[in-house]
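A.B. asks: Sharing a structure with you now.
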Amino acid sequence: MIDTTVFQDKTAVYYTLGCKLNFSETSTIGKTLREAGVRTARKGEKADICVVNTCSVTEMADKKCRQAIHKLVKQHPGAFVVVTGCYAQLKPDAVAKIDGVDIVLGAEQKKDLLQYLGDLQKHECGEAHTTATKDIRSFVPSCSRGDRTRYFLKVQDGCDYYCSYCTIPFARGRSRNGTIASMVDQARQAAAEGGKEIVLTGVNIGDFGKSTGETFFDLVKALDEVEGIERYRISSIEPNLLTDEIIEFVSTSKRFMPHFHIPLQSGSDDVLKLMKRKYDTALFASKIAKIKEVMPDAFIGVDVIVGTRGETDEFFENAYSFIAGLDVTQLHVFSYSERPGTQALKIEHSVTPEEKHKRSQRLLALSDEKTVAFYERHIGQNILALMEKAKAGVPMHGFTDNYIRVEIESDDSLDNQLVSLKLIGFNEDKTALIAERLD
């Protein structure tokens, strides 16, 4: 039995790095601490507990994690410091040695955070509590609302793919999920709290059902029936798991938005083979064509990695040409980072940092062209946008069903409201379309 009296009137700060899934899980950790009597520290207030939820997708991510820990230790002297997340799972001993860290919790342990806090007395040296990857079994549910309008519903965790460049299966464990019934219950609770939009998150969400004998398509159909939720977005789904039946269902859905995020990683079949991806460019192109056939105005975001081992100049040029020919909206471009223990390290050809940067800049410029062209096509249209509360003195922003960012004059009464707008033209930095209200 955990004695929660030690947590009464204590304060905590939370720092999250990485993906939407991490932010969702941090929210769940925060809820656990609040229920035990811990409140979130106010701005400028010294906290009693610091929780850092880490990422380890690249070497730069590892560095940012270390910097975040050092910063929090300095800002909150004497605070009990907890580090969890992917970096904590992969490098627990290294994290435990960082000055000020008290406990390090792996993927299996973070759900039991309270039992590791003890009496909140600082440790002379950090303690690491982790489980071997093969023994990570738990699925910890999470449906969180951040500072914005959207809720993030964790539907799946872990990955069985073991792509040659990726450490996520080692950090997160095998693919697993909760039941459809539990997901529907969480969506209903979000609706009861006033939530209007939910983003489905996970490591490999199209793989949903591995541990329950269900399917992602069944989940989508069930969530579509939840009253009160106006919008769902599928955060990221592997192209080989994005079936035509899912695409067709979204095209006629009451609540699933015409918005897809699909990892490509490379537009070269040769590089895809080196990466050990489970599709080729022909399959990827067919998925984009299918989406545009039934949803011509769909927003399609695409992940691309540049400079992986084995990506020769010729392979990159092939990839660039393929991507340039795709009818997609935006590219999320990442430079390859070597990760210890991955199969990619066995590939001989490596790309210089300078060449990685050059390739990245070319793809980012291509992305800007595609996004601007997509936005331009919608100028003059009347749309509905779900608005988000703005900070004082700045315009209010929101998103259309197909994820166009809009900007209007701030009005707090419109927070979390669907508002009828006419799209007028670009704002000054072309990050949104200025809109005027119709009602």
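The values are calculated or read from the model by the stated rules, or taken from the named source; none is laboratory data. Being a predicted model, the structure only gives us computed values, none of them experimental. Neighbour counts run over all protein chains shown; Cβ positions are idealised from the backbone, glycine included.
A.B. asks: Given the criterion touching a strand residue (DSSP E or B) at 6+ places or on another chain (Cβ under 6 Å), within 20 Å of E197 (Cβ to Cβ), free of Cβ contacts under 8 Å to residues at least 60 places away in the same chain and not hydroxyl-bearing (S, T, Y), identify the matching residue among L418, L414, L386.
C.D. replies: Answer to the check: L414.
A.B. asks: Taking into account only those residues within the range 388-439 that are polar (S, T, N, Q) and in a strand (DSSP E or B), which is farthest from the chain's Cα centre (by Cα)?
C.D. replies: For the range 388-439, the residue satisfying everything is S420.
A.B. asks: Going through E348, E354, E314 one at a time, which residue ends up being more than 17 Å from V57 (Cβ to Cβ), acidic (D, E) and at pLDDT below 95?
C.D. replies: E348
A.B. asks: Which of the residues that make up the range 193-221 are closer than 21 Å to S138 by Cβ and of a type outside the set (G, A, S)?
C.D. replies: Across the range 193-221, the qualifying residues are L200, T201, V203, N204, I205, D207, F208, K210, T212, E214, F216, L219.
Let's see how each residue does on (1) of a type in the set (K, R); (2) in contact with a strand residue (DSSP E or B) (Cβ under 6 Å, 6 or more places away or on another chain); (3) closer than 18 Å to K111 by Cβ:
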| residue | (1), (2), (3) |
| --- | --- |
| Y162 | no, no, no |
| I168 | no, no, no |
| A171 | no, no, yes |
| I180 | no, no, no |
| Q186 | no, yes, yes |
| G206 | no, no, no |
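A.B. asks: Let me ask something additional. Can you pull out the residues in the range 59-73 that are closer than 23 Å to Q265 by Cα, touching a helix residue (DSSP H, G or I) at 6+ places or on another chain (Cβ under 9 Å) and of a type outside the set (D, E, K, R)?
C.D. replies: A61 - this is the single residue of the range 59-73 that is closer than 23 Å to Q265 by Cα, touching a helix residue (DSSP H, G or I) at 6+ places or on another chain (Cβ under 9 Å) and of a type outside the set (D, E, K, R).
A.B. asks: For residues in the range 348-358 being over 24 Å from the mean Cα position of the chain (by Cα) and in a helix (DSSP H, G or I), which is surrounded by the most Cβ atoms within 10 Å (Cβ to Cβ)? First the steps, then the outcome.
C.D. replies: We begin by selecting, within the range 348-358, every residue over 24 Å from the mean Cα position of the chain (by Cα); these are 348-355, 358.
Checking which are in a helix (DSSP H, G or I) leaves us with 353-355, 358.
Values: P353: 9, E354: 9, E355: 16, K358: 14.
Across the range 348-358, the extreme among qualifying residues is E355.
A.B. asks: Okay, next question. Select, from V203, V302, the only residue that is under 21 Å from the mean Cα position of the chain (by Cα), assigned to a loop (DSSP other than H, G, I, E, B), buried (at least 16 other Cβ atoms within 10 Å of the Cβ) and β-branched (V, I, T). Lay out the reasoning, then the answer.
C.D. replies: Values: V302 fails: assigned to a loop (DSSP other than H, G, I, E, B).
It is V203.
A.B. asks: For the structure I just gave you, tell me whether T11 is touching a strand residue (DSSP E or B) at 6+ places or on another chain (Cβ under 8 Å) and at pLDDT 90 or above. Walk me through it before giving the result.
C.D. replies: Details: touching a strand residue (DSSP E or B) at 6+ places or on another chain (Cβ under 8 Å): yes; at pLDDT 90 or above: yes.
So T11 passes the test.
A.B. asks: Can you tell me which residue is nearest to A385 (Cα to Cα) among those in the range 151-176 that are among the charged types (D, E, K, R) and out of contact with any Phe, Trp or Tyr (no Cβ under 9 Å at 6 or more places or on another chain)? Quick ask: steps written out before the conclusion?
C.D. replies: Of the residues in the range 151-176, the ones among the charged types (D, E, K, R) are 154, 157, 160, 172, 174, 176.
Filter once more, keeping what is out of contact with any Phe, Trp or Tyr (no Cβ under 9 Å at 6 or more places or on another chain): 160, 172, 174.
Details: D160: 37, R172: 35, R174: 37 Å.
Out of the qualifying residues, it is R172.
A.B. asks: Turning to a different aspect of this structure: Just to verify a result, which residue in the range 384-402, among those that are over 17 Å from F299 (Cβ atoms) and aliphatic (A, V, I, L, M), is surrounded by the most Cβ atoms within 10 Å (Cβ to Cβ)?
C.D. replies: Result: M387.
A.B. asks: Across the range 331-347, what is the number of residues that are part of a loop (DSSP other than H, G, I, E, B) and not basic (K, R)?
C.D. replies: Residues that pass the stated criteria total 7.
A.B. asks: Within the range 142-158, how many residues are of a type outside the set (D, E, K, R), on the phi < 0 side of the Ramachandran plot and in contact with a Ser or Thr (Cβ under 6 Å, 6 or more places away or on another chain)?
C.D. replies: 3
Quick grid of which residues meet (1) of a type outside the set (A, V, I, L, M); (2) over 21 Å from the mean Cα position of the chain (by Cα); (3) farther than 30 Å from D415 by Cα:
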residue	(1), (2), (3)
H123	yes, yes, yes
G126	yes, yes, yes
A132	no, yes, yes
I136	no, no, yes
Y161	yes, no, yes
I168	no, no, yes
R188	yes, yes, no
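A.B. asks: Test T40 against the stated conditions and say whether it is at pLDDT 90 or above and either surrounded by 18 or more Cβ atoms within 10 Å (Cβ to Cβ) or not assigned by TED's automatic domain parsing to the domain that holds V101 (or both).
C.D. replies: When the stated conditions are applied, T40 does not pass them.
A.B. asks: How many residues are touching a Phe, Trp or Tyr at 6+ places or on another chain (Cβ under 8 Å) and in contact (Cβ under 8 Å) with a residue 60 or more places away in the chain if we restrict to the range 278-300?
C.D. replies: Number of matching residues: 3.
A.B. asks: Now, a different point. One residue is enough: does the range 179-196 have a residue meeting the conditions outside the structural domain of D415 (by TED's automatic domain parsing), under 23 Å from K276 (Cα atoms) and not acidic (D, E)?
C.D. replies: The first filter runs over the range 179-196 and keeps only residues outside the structural domain of D415 (by TED's automatic domain parsing), leaving 179-196.
Restricting the remaining residues to those that are under 23 Å from K276 (Cα atoms) gives none.
Within the range 179-196, none of the residues are outside the structural domain of D415 (by TED's automatic domain parsing), under 23 Å from K276 (Cα atoms) and not acidic (D, E).
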